[in-house]
Amino acid sequence: MGGAPLTGPSALTRPSPRLAFGAVATGGTAALALACYLLATRHELMLIAVVLSSLYPVIPVLLGIATLGERLSPRQTIGLAGALIAIGLVTAG
């Protein structure tokens, strides 16, 4: 196996508290999302759960806009608006 050995100071350093908190928060959020998906597939229509879960890439885009100040091109804005409208239409029935 051709990997670098985990020796030296970088292998033994602990992550910063901020990084550790971010990792724990991300893992907790992912676990919560999976639990919600499981509940949705058992108690709601499977079609709605699958369609909404397929739109999960919208969340990182919205977080990037809100937290990092990322900007979208007009084409991307139209795509995002279409995805949000689709979410509304699917959940409205």
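The values are calculated or read from the model by the stated rules, or taken from the named source; none is laboratory data. Bear in mind the structure is a predicted one, so any value in this text is a computation, not a measurement. Positions of Cβ are generated from backbone atoms using ideal geometry, with glycine treated the same way; all protein chains shown enter the neighbour counts.
Summary table
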item: Any chance ARG18 is under 25 Å from LEU89 (Cα atoms), at pLDDT 80 or above, out of contact with any helix residue (DSSP H, G or I) (no Cβ under 7 Å at 6 or more places or on another chain) and exposed (fewer than 10 other Cβ atoms within 10 Å of the Cβ); result: no
item: Residue within the range 67-77 that is within 21 Å of LEU89 (Cα to Cα), modelled with pLDDT of 90 or more and within 19 Å of the chain's Cα centre (by Cα) present; result: yes
item: Residues being surrounded by 10 or more Cβ atoms within 10 Å (Cβ to Cβ) and more than 23 Å from THR26 (Cβ to Cβ) - total across the range 73-83; result: 6
item: Selection count where residues are among the acidic types (Asp, Glu) and part of a helix (DSSP H, G or I), scope the range 44-85; result: 0
